[in-house]
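What follows is a single structure, written as structure tokens, with notes after it.
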């Protein structure tokens, strides 16, 4: 089995490299080659247990995506993310379940709900991989990433309850809403505890290699511990990833650079394997359905109907809730305009919201949190793309394979082969049809967002301004305590290099390299600290902070290499 997996990974990487050179979607090409390869005579079946996919393949993929995702961006779009990642999953399960029960004779309504739960979550890897390659706008990409990180938790909770109902077993908590609440809350708390404890240990160790090892252990520890407590392993991993990613700015630059490259490599390996694995299942799934008495034509018709139902419910939900979203945005914008107008007049913006009889003159007066401007809703063009990005992936296949073969009474699980075959065919249909047409759709809708582009440009300018101010302050403080001629020349040189002064005098003699190395480190530390403070004060966007810190890490690495003795 290991040899087969290694061969698949090597072949998938080669195909991905070819796709990159030809500007083709690597994920789609790998899956399509896998589909064709599945019909090679004598090819052995590569079949992994659902526990391996959900417990070994999925956690590092989710962790990497979450740790590289700005939590502040996630929080700003939280209402849209929860709408799609939780509420739409429940709605899609109900709607698709009814359709599947009506058109697939082998499925009772409870069994059809199992199929619907399997198909409910769009895949995190697929959405991020194709969306990144296609160049989706920042706001839309944030919603897609956030949705794909949490929808697995909702879908797998429904799946467990639906399977328990059909098989005659018992879920950990029979009440579905209560079970989902328990699973979510406990999973999030565990993720926070594990993520913050891991970051504390990494900070104490101060070793880049050991820190990377800990970051590898975290997703598996979070997932397995949460599953042992019947909580959401998905949410535990995602929350731990957010915690590690948020505090990564406090780590040394060596840790950040090493982990960045490690996880990029791991992402490439896992993503290519996942899409190859999906493609290689085609012939075997069709054969299994045929042995169960399901004809190929009937199977294709049923899969087509279910695919259309999944696409339709996503379109209906996205555009239906967009109406409510725009109403909320107008109400929020009105409150924001009132706030900014009151601040401009020098008035207390919260005065009208206080009780008349209460006198807020104490130390806690006027300490309400500063509100934020509401996030503009997605445009109708972005909603079209959002509706069309419902590609399914490895979680769907793993959940389908996890349907038990028999019930408690010993009878075969009703419609199991139909569930497996339809889930696979719908997954392939979403990858090929939606995945191949998504870049074309993005290009022809012209999704450029001038507001988002201006926001990013303004944030980048702010980051550079704050960094220059911090470096200037560090230089000033250094010059006050180091007044030798060599130190003054070095300060002048550093000021010119950082465009902090208009002086043009050249130093009369070579500066002290050790002192220059020391001052360079002081300036970098000051810049980094100022930018992190701005992030914590919610003045600087976290995504911009990470981009700037990545550049500063390279500066630090270069400076350290120059500062080492020959």
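The values are calculated or read from the model by the stated rules, or taken from the named source; none is laboratory data. These numbers come from a predicted model, not from an experiment. Here Cβ is always computed from backbone atoms with ideal geometry, including for glycine, and neighbour counts include all displayed protein chains.
Taking the numbered list (1) within 19 Å of residue 57 (Cα to Cα); (2) at pLDDT 90 or above; (3) surrounded by fewer than 18 Cβ atoms within 10 Å (Cβ to Cβ); (4) in contact with a helix residue (DSSP H, G or I) (Cβ under 7 Å, 6 or more places away or on another chain) in turn, residue 266 passes all entries but (2).
When residue 523 is tested against (1) crowded, with 18+ Cβ neighbours inside 10 Å; (2) modelled with pLDDT under 85; (3) within 17 Å of residue 559 (Cβ to Cβ), only condition (2) is not met. At least 3 residues that are in contact with a helix residue (DSSP H, G or I) (Cβ under 8 Å, 6 or more places away or on another chain) and without any contact (Cβ under 8 Å) to a residue 60 or more places away in the chain in each: list the helices (runs of 4 or more DSSP H) lying fully within segment 61-118 that qualify. Passing ranges, in order: 88-103.
Restricting the search to helices (runs of 4 or more DSSP H) fully inside segment 396-489 and requiring at least 3 residues that are closer than 25 Å to residue 539 by Cα and out of contact with any strand residue (DSSP E or B) (no Cβ under 9 Å at 6 or more places or on another chain) gives 450-481. Scanning segment 249-302 for residues that are over 26 Å from residue 32 (Cα atoms), free of Cβ contacts under 8 Å to residues at least 60 places away in the same chain and within 18 Å of the chain's Cα centre (by Cα) yields 259, 261, 262.
Quick check on my filter: what residues within segment 224-242 are within 15 Å of residue 145 (Cβ to Cβ) and either at pLDDT below 90 or surrounded by fewer than 24 Cβ atoms within 10 Å (Cβ to Cβ) (or both)? Hit for segment 224-242 is 242, nothing else. Within segment 155-181, the set of residues being over 18 Å from residue 401 (Cα atoms) and modelled with pLDDT of 85 or more comprises 177, 178, 179, 180, 181.
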